[in-house]
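The values are calculated or read from the model by the stated rules, or taken from the named source; none is laboratory data. Because the structure is predicted, anything quoted here is derived from the model rather than measured. When we count neighbours, we look across all protein chains shown, and the Cβ atoms used for this are built from the backbone with ideal geometry, even at glycine. These area figures cover heavy atoms from the full protein model, side chains too; ligands, DNA and RNA do not enter into them. Shrake-Rupley method; radii C 1.70, N 1.55, O 1.52, S 1.80 Å.
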Amino acid sequence: SMKNNSKRQKIVILGHTGFLGGCLYENFSKETGYEVHGLSSADINLSSPKECQKLLSIIDKNSTVIMTVTSLIKNKDFTSFMNDFNMLLNTAEAFSLAGIKHLIYISSIAVFGRHSESVITESSYPNPDDLYSFSKLLGEQIFERICHNSGIHLTILRPGTFYGLNDRASPFFRFLES
């Protein structure tokens, strides 16, 4: 619990209109100890270096950034991959310049390969086998380097499938509907 601090913990959710980002945004917004900001592709084009500079008016040394964004959900083509790559580079630079406190990067279990038959453990090696999983692994590597060099605390999560209330895209939802 926080004492009567003048500076509340700032949480910035990149991708706050997506399924996961939306759940996080909604729940953190209910907590009084946080100053919560959400940004989506409608607010800012993170693959543009110029637009990404807008982040610097929001993030600071008191910020925890939760990065849930990817261009590769709807389209898995090379153009979307390049957008993702530029987004990773631009946000990494902004996080470094702002000296944020903590980055939570939502990667994916897909970095181990979507078609792997082997059991995945902590010692498994990544083996991306499509543009989405390759982009997620690139993100991990870019953020590991930039956070290490900038003294930013980094948490990488590699979840499997998310599903739940209001998730229209999930295979679980489509199954339940049929």
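Under 9 Å between Cβ atoms, at least 6 apart or on separate chains: pull out the pairs that start in segment 34-51 with a residue that is in contact (Cβ under 8 Å) with a residue 12 or more places away in the chain and more than 19 Å from Asp84 (Cα to Cα) and end on any residue that is open to solvent by less than 60 Å² (accessible area, probe 1.4 Å) and among the basic types (Lys, Arg).
What qualifies is Tyr34/Lys10; Glu35/Lys10; Val36/Lys10; His37/Lys10.
Need the failing condition index for Glu117 against (1) at pLDDT 90 or above; (2) open to solvent by 50 Å² or more (accessible area, probe 1.4 Å), just the number.
With respect to (1) at pLDDT 90 or above; (2) open to solvent by 50 Å² or more (accessible area, probe 1.4 Å), Glu117 is out only on (1).
Condition check: open to solvent by less than 60 Å² (accessible area, probe 1.4 Å) and modelled with pLDDT under 95. Does Gly38 satisfy that?
Numbers: open to solvent by less than 60 Å² (accessible area, probe 1.4 Å): yes; modelled with pLDDT under 95: no.
In short, no.
Out of all the residues in segment 87-95, is one or more open to solvent by 30 Å² or more (accessible area, probe 1.4 Å), assigned to a helix (DSSP H, G or I) and at pLDDT 95 or above?
Taking every residue of segment 87-95 in turn, at least one turns out to be open to solvent by 30 Å² or more (accessible area, probe 1.4 Å), assigned to a helix (DSSP H, G or I) and at pLDDT 95 or above.
Of (1) in contact with a Lys or Arg (Cβ under 7 Å, 6 or more places away or on another chain); (2) in contact (Cβ under 8 Å) with a residue 12 or more places away in the chain; (3) not basic (Lys, Arg), Asn90 satisfies all except one. Which?
Result: Asn90 fails condition (1) only.
Are any residues in segment 64-89 closer than 13 Å to Ile13 by Cβ, polar (S, T, N, Q) and touching a helix residue (DSSP H, G or I) at 6+ places or on another chain (Cβ under 7 Å), and if so, which ones?
From segment 64-89, those closer than 13 Å to Ile13 by Cβ are 64-69; that's our starting set.
From what's left, polar (S, T, N, Q): 64, 68.
Answer for segment 64-89, where residues must be closer than 13 Å to Ile13 by Cβ, polar (S, T, N, Q) and touching a helix residue (DSSP H, G or I) at 6+ places or on another chain (Cβ under 7 Å): just Thr68.
Can you tell me how many residues in segment 13-33 are in contact with a strand residue (DSSP E or B) (Cβ under 8 Å, 6 or more places away or on another chain), closer than 26 Å to Phe81 by Cβ and assigned to a loop (DSSP other than H, G, I, E, B)?
Total meeting the criteria: 3.
Could you tell me which residue of segment 96-114 is nearest to Arg158 (Cα to Cα), considering only residues that are surrounded by fewer than 19 Cβ atoms within 10 Å (Cβ to Cβ) and not charged (D, E, K, R)? Before you say what the answer is, go through the steps one by one.
Taking segment 96-114 and keeping what is surrounded by fewer than 19 Cβ atoms within 10 Å (Cβ to Cβ), we get 96-97, 99, 101-102, 104, 109, 113-114.
Narrowing the set further to residues that are not charged (D, E, K, R) leaves 96-97, 99, 102, 104, 109, 113.
Values: Ser96: 23, Leu97: 26, Gly99: 24, His102: 17, Ile104: 11, Ile109: 5, Gly113: 12 Å.
The selected residue is Ile109.
Conditions tested, residue by residue: (1) out of contact with any Pro (no Cβ under 9 Å at 6 or more places or on another chain); (2) under 22 Å from Tyr132 (Cβ atoms).
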site: Gly18; (1), (2): yes, yes
site: Pro49; (1), (2): yes, no
site: Asn62; (1), (2): yes, no
site: Asp84; (1), (2): yes, yes
site: Met87; (1), (2): yes, yes
site: Glu93; (1), (2): no, no
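So which of Leu39, Leu24 ends up being farther than 23 Å from Ser96 by Cα, under 14 Å from the mean Cα position of the chain (by Cα) and not polar (S, T, N, Q)?
On the way: Leu39 fails: farther than 23 Å from Ser96 by Cα.
Going through Leu39, Leu24 in turn, just one is farther than 23 Å from Ser96 by Cα, under 14 Å from the mean Cα position of the chain (by Cα) and not polar (S, T, N, Q): Leu24.
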